[in-house]
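**Q** Let me begin by handing over the structure; questions about it come next.
Just so it is clear, none of the values below were taken in a lab; they were calculated from the coordinates. Here the structure is a predicted model, which means the values were calculated and not measured. So basically every Cβ, Gly included, is an ideal-geometry build from the backbone, and we count neighbours across all protein chains shown.
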Amino acid sequence: MPEAVRVIAVASGKGGVGKTKVSINLAAALAQTGQQVMLMDADLGLANVDVLLGLEPAFDLQHVISGEKSLDEIIVKGPLGISCHSGKFWCRAYGRANLGRACKFNLSI
Ligand SMILES: Nc1ncnc2c1ncn2[C@@H]1O[C@H](COP(=O)(O)OP(=O)(O)O)[C@@H](O)[C@H]1O
Ligand SMILES: [Mg+2]
């Protein structure tokens with residue numbers, strides 16, 4: 001039987017509060033205990049996990065969203081063997097990830 005995958009989401013309604021730093025440090029700590037770790041930066045506007053890990057991925061989540069690549073195809077190996085999916089700095093799909101005022105209003109009522 002395959003082992004269960006544990007997912008930890010680090011999220012916030014605001015940018016610049018330390019999500020990436022926390023995620024990278026958590027991923028590194030888990031990897032150091034011998035666990036297989038995959039880090040996905042799902043930020044489609046200001047993703048920076050690749051920058052902080054010194055990676056230069058050729059493909060990112062934008063290519064998955066557009067259907068050009070699968071999730072498996074955009075994985076790059078980072079430090080400590082951490083597998084990474086990169087988000088995007090200024091994604092073409094940014095508009096889809098950032099709801100307009102009317103949408104937010106409709107969701108809040
Ligand atoms: N615990 C912390 N103490 C001081 N500065 C921090 C801390 N965590 C993050 N930062 C700094 O805050 C900024 C934003 O962090 P980041 O992890 O990229 O935020 P987010 O992913 O939420 O946008 C970076 O310059 C980072 O170095
Ligand atoms: Mg971030």
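**Q** Exactly one condition in (1) under 18 Å from LEU61 (Cα atoms); (2) over 13 Å from the mean Cα position of the chain (by Cα) is false for VAL17; which is it?
**A** (1)
**Q** Further, regarding this structure: Go through the range 22-42 residue by residue and tally those that are within 14 Å of ligand 1 (Cβ to nearest atom), more than 14 Å from the chain's Cα centre (by Cα) and not in a helix (DSSP H, G or I).
**A** Here the count works out to 0.
**Q** Among the numbered criteria (1) in contact with a helix residue (DSSP H, G or I) (Cβ under 8 Å, 6 or more places away or on another chain); (2) surrounded by fewer than 16 Cβ atoms within 10 Å (Cβ to Cβ), which one does VAL51 miss?
**A** So VAL51 meets the others, but not (1).
**Q** Return the only residue of ILE24, ILE82, ILE74 being away from ligand 2 (no atom under 16 Å from the Cβ) and of a type in the set (A, V, I, L, M).
**A** ILE74
**Q** Sticking with this one: Can you give me the number of residues within the range 4-20 that are among the basic types (Lys, Arg) and near ligand 2 (Cβ under 8 Å from one of its atoms)?
**A** Of the residues in that region, 1 qualify.
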